[in-house]
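Presented below is the structure to which this report refers.
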Amino acid sequence: MAEWQSYYKNEDDDVEEEEGEDSTGDYKYSGRDSLVFLVDASREMFTEGEDGEPSNFDMTMEIISSDKDLVALVFYGTEKSKNPKDSFKNVYVYHDLESPGAKRVREVDSLRGEKGAKLAAETLGSGETCLGQALWCCSNLYSDIKLRLSHKRLMIFTCRDYPHGGNSDRDKLARTKAADLKETGVVIDLMHLKKDGGFDVSLFFCDIMSPPEGEDDIGLQLEPCGKLEDLKKRVRAKEMKKRAQSRLTLSLGEGVNVAVGLYVLARTATKPYAIKLYRDTNEPIRTKTRLYHNNTGSLLLPSDTKRAQVYGHKQIVLEKEEVDELKKFDDPGLVLMGSCVITALLRRCSERGVFAVCKYTPRRNTPPRFVALVPQREELDSAQTQNPVLQQHFRNLEALALDLTEPEPIEDLTKPKVEVMDQRLGPLVQEFKDLVYPADYNPEGKTAVKRKPEGGGGAEKKPKVELPEAELRAHIANGTLGKLTVPVLKDACKQFGVRTTGTKKQELIDALTVQFSR
């Protein structure tokens, strides 16, 4: 019989156990993320930028990489067509909605640079544009997926603000298909690129895009991207979806409940778990656990197993339903402690500099905790960057997967800009050191030399007094070396060249005794 404590889940795990499911079975996830890149393949996208800047198409290929569960790459406005059953003209599905891999990354890399532009012209070409057909094709990509999708996003990359040139039928079809995608939960983002004369979103794409998801999202749709770094930041900001860890009920008192979302403002970034692969094919290995009877060798069903706990030298057998009942402490939620109703809770807590104490039960099988609700506003840095250690880790994995000679270097933004600070300060640093520290000051040394006070004031360090050899021999003969202090014994060892194996008092005494007893 298995110990029933082994069936407790770690309360810090991100994946929650579904009610009624055996904890030894597979975990159920809320769904997979998906991202479709819809890229304009018109001739304007291949025009090179000023001052050696890459073309809009080249910049787009530079950032077509994502760690999402499912990713697709679709081109529209192409001369050639490639899609399921070739139902849509001038739409080229370069990658279906599947999990990304090393092969796909290499295929996208082949479209970069001058050689990539030539390959794109041969493979795709530039033809008529019908954005509605492309959106319709993307809708079919989502509908063909049998997996459960939790987050669906579509990004449109283009430098043309009026793609149909006044064709009202094509404009209407695009608006209709964009509305259909939004109704199915697909978020449509516009990654508009720089063009001569400026990009006017109000001409057409304001009806295609999804409304801003938050206050931070509004500023991302105003100005077109003209540089690669700006485009990378915008795509990275759009990919990061803010999600509630759980939806709970905040109880302010009897009969007064408020629905709230629980968000994690900061958490430790960790490396993903290692995946076991089969040696011959490099395919992921799935493990399954089966229980067999010790005597007969027959397969045991879940109903054949029992849980047990030894208490008072007796084995207490528990049914699965009893174990589940023991693990349910309270209904999930936040219960405000110490008061029935607090008017304007967050505002008053913030004004008075206090926090609210609540009893917190995240899941049914988790013991309650006392937590503090601290009023605070979310703060994000402007760069939206990740941990540089994790970045280097994933760059190393990328180099191994793509057979690169060395990983791509990264810029560690957490390190101070020493060169810039030295240029701004100039000689002030050295002047400060000359005024504060003596000439023989060594910052790398273990101890700094103290400056003697001017005017002879203050206590001076007493000079070291050497121990006469006759006095040392007398202490050894009388066995009174233990009366001397450790610093005196250390100085004596240095004075007479006695090697010691340690710095403890008895070790120093033994070394001196052996040296002068010869």
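The values are calculated or read from the model by the stated rules, or taken from the named source; none is laboratory data. Values in this document were obtained by computation on a predicted structure and should not be read as measured data. Cβ sites come from the backbone with ideal geometry, for glycine too, and all protein chains shown count toward neighbours. Only protein heavy atoms, including side chains, enter the accessible area calculation; ligands, DNA and RNA are left aside. Shrake-Rupley method; radii C 1.70, N 1.55, O 1.52, S 1.80 Å.
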- Quotient of Cα radius of gyration and Kirkwood radius for segment 127-208, i.e. Rg/Rh, equals 0.99
- Message: On a 1.4 Å probe surface of the protein chains, which of 322, 128 comes out largest in accessible area, and what is the full order?
- Response: 128, 322
- Answer in debye to the nearest 20: the dipole magnitude of segment 128-173 about its Cα centre, from +1 Lys/Arg and -1 Asp/Glu charges placed on Cβ, is 340
- Query: Of the cross-linked pairs 152/172; 152/232; 82/233, which ones have a Cα-Cα span greater than 21 Å in the structure shown?
  - Reply: 152/172; 82/233
- Query: Label points 7 Å out from Cα along the Cβ direction at residue 143 and residue 514: separation in nm?
  - Reply: 9.0
- Query: Taking H as built 1.01 Å from N, whose amide H comes closer than 5 Å to the amide H of residue 55, not counting residues under 5 places away?
  - Reply: 49
